[in-house]
1. Can you sort 256, 121 by how many other beta carbons sit within 10 Å, fewest first?
2. Please order 126, 207, 153 by the number of other Cβ within 10 Å, starting at the fewest.
3. Assuming R0 = 41 Å, what is the FRET efficiency of residue 301 and residue 133, from their Cβ-Cβ distance, to the nearest 0.05?
4. For a test of the definition: using alpha carbon positions, the gyration tensor, and the 1.5 limit on a/c, classify region 96-165 as rounded, prolate or oblate.
5. Cα-based Rg of region 26-305 per 2.2 N^0.38 Å, rounded to two decimals?
6. Once you place label points 7 Å from the Cα toward the Cβ at residue 121 and residue 39, how far apart are they in nm?
7. Kindly identify region 41-196 as rounded, prolate or oblate by the Cα gyration tensor criterion: order the square roots of the eigenvalues as a ≥ b ≥ c, call it rounded if a/c is under 1.5, otherwise compare a/b with b/c, prolate if a/b is larger, else oblate.
8. Treat each spin label as a single point 7 Å out from the Cα along the C-beta direction, and report the residue 85 to residue 142 distance in nm.
């Protein structure tokens, strides 16, 4: 009964906001924004899917069922599992992309319904350091900055650069993993001085207000958020135009996947949205009411194979490659001697990424 009252109250609040009218907030992007590369998106979505795997042996050796296809030949440098906070990420090198790839896992299925409900009510509650008036979601910010994830990733990036001579960095993730990927990209640009950063996420929620979105688009201009159909998560936390300082606001640029019906046929389409971050003709033009649209992008499943808790499959033989701390968090690492992927050569085949 209490939950029903909360939902009714929220619905009434949104109706009131709609009745008052909307005043759109404009986000100033850097230059014309990033160029969307469809081929790259279909590759990175497979990395965003693979990071959901719970068998650490298969994931670390890149032999999992989701480790074939467009990501074949990828080499994991570091696999991070923060058991305490139910977080997982990996850092590795993709020779065909000539890039370091970082992928973050999204919310586990057993908690996604509660997580989505919480996002309806979540207020902006922390100021991003060094950005006046920029407010962000504390949970997403802490998931990246205040866990074992950040230090392990920064260390792995430096090791990957040394092992493979690669400078480009591509960051991806789905759902909450997309939020963490965005904070990672910003961290690398602001605090680590990285310049060759590309962020491409799938079905990520809003993570900050309009001031934050403006800063982000200036500092990490090569960022794409892919949204799908009626996916409910990109609509969360709610965007309320009449509360410009307190409302959440997406940063640009969005690419919206939707279906076009022509007679009895349905054709998948991609729309590159405007530079505002909140293009009313893209995902905001439809109701965000679909969980199934959230869990599949480009035909790729973005959830764990088993609907369960944050359990993992650990092979004791892999203890030589990593360790567990007193909280059960796991790091699996490769050094240069264990690498089978050679440094990219000038004559090697590469995917031209813009």
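1. Starting with the residue having the fewest Cβ neighbours, the order is 121, 256.
2. If I rank by nearby Cβ atoms, fewest first, I get 126, 153, 207.
3. Given R0 = 41 Å and the Cβ-Cβ separation, E is 0.55.
4. oblate
5. Ratio of Rg to 2.2 N^0.38 Å for region 26-305: 0.93.
6. My value for the distance between the label points is 4.8 nm.
7. Oblate shape, in that a/c is at least 1.5 and b/c is the bigger or equal ratio.
8. Roughly 0.9 nm, to one decimal.
None of the figures in this text is laboratory data; all of them are computed from the coordinates on show. What you see is a predicted model, and the numbers here were worked out from it, not measured in a lab. Neighbour counts are summed over all protein chains in view; Cβ atoms, including those assigned to glycine, are modelled from backbone coordinates with ideal geometry.
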